[in-house]
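Any read-out appearing in this document is the output of simple, stated calculations on the displayed coordinates, not a laboratory observation. Keep in mind that this is a model prediction, so the values were computed, not measured. Quick reminder, even Gly has a Cβ in these numbers, built from the backbone with ideal geometry, and neighbours come from all protein chains shown.
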Amino acid sequence: MAVHLIEHPLIMTRLTRIRRKETPPEIFRSNLDEIASMLIYEVARDFKTVEVEIETPISKTRQKTLDSQKFCLIAILRAGLGMIPGALKMIPNTSIGVIGMFRDEKTFAPVEYYCKLPGDIAESRILIVDPMLATGGSASAAIDLLKRKNSKPITLISILSAPEGIARIQKDHPDVEIFTPAIDEKLNDRAYIVPGLGDAGDRIFGTEV
Ligand code: PRP
Ligand code: URA
């Protein structure tokens, strides 16, 4: 399935801001929020619309609006939470689920510690948000879990990806579409994206040491 590389100038400018190590959490969060909105805007290009009859101040007319398809945003904790407000600005009528994962420091394998999914998950189109796609382990495990609850197409939206993470999702879940504005060089020996932006969770929550 496709990898959509969204190299939009407005996104790249914000991405450069959040990469800078001196960018404080409040600026990091507001730029991440805007990038999330813009990525959802791109993801939504294939959303179906229906015609409805309305009345403008001038006349009656038939115009397009989103159809009744339900959406479910899934944030991978912690860092995925930073993308939820921006995503909601574009698609406010959506349910939200969270999956808590952290990476084992030695193996980099994801460890699930929390999962709360909405009741309408089975009939919703799933959009997973997580700023970082590094080894791809966390996203792949989240997709495994979600596929057990839902058979509709799943979209993964990441702010920054490593080639290793893209390859992992394509291998484990070739049916999943990926939207990302940047695919960086590589992972370092601690499985951080190079050049990357550091630890996204720490930078959003201000827990960086
Ligand atoms: C980050 C990020 C992803 C994961 C990506 O979470 O938010 O979920 O790393 O890495 P992977 O592709 O190698 O799995 P982290 O484990 O740092 O937890 P946090 O968001 O709570 O800081
Ligand atoms: N998780 C992050 O937050 N940053 C990375 O570079 C890799 C995983």
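Some notes on this structure:
- Reduced Cα scattering model of the stretch 3-205, Debye log10 I(q)/I(0), q = 0.09, 0.14 Å⁻¹: -0.34, -0.79
- Among the trypsin sites (Lys or Arg not before Pro) found in the stretch 8-112, those both in a DSSP coil and sparsely packed, with 13 or fewer other Cβ atoms within 10 Å of their Cβ, are R20, K21, K48, K106.
- Annotation: the antiparallel percentage among DSSP beta bridges lying fully within the stretch 1-123 is about 70.
- Relative contact order for the chain: 23 percent, from Cα pairs under 8 Å spaced at least 6 residues apart, divided by residue count.
- The R45 and D189 beta-carbon pair, evaluated with R₀ = 35 Å, returns a calculated FRET efficiency of approximately 0.35.
- Every helix of 4 or more DSSP H residues in the chain counts as -39500 (n - 2.57), and over all residues that averages to -9000 deg cm²/dmol at 222 nm.
- Degrees separating the helix 137-147 axis from the principal Cα axis of the chain, which is the longest one: 40
- Computed lengthening from H8 to K171, 0.36 nm per intervening residue step minus Cα-Cα distance: 56.0 nm
- Residues considered: I183, I27, I11. Largest GNM mean-square fluctuation over the chain, using C-alpha springs under 10 Å, is found at I27.
- Net charge in the neighbourhood of R103 (other residues with Cβ under 15 Å of its Cβ; Lys, Arg +1, Asp, Glu -1) is -4.
- Centre-to-centre separation between the Cα atoms of the stretch 130-206 and those of the stretch 25-63: 25 Å.
- Cα long-axis angle, helix 163-172 against the chain (0 to 90 degrees, to the nearest 10): 60
- Taking each residue as 0.36 nm, the span from D202 to E112 lengthens on full extension beyond its C-alpha to C-alpha distance by 30.6 nm.
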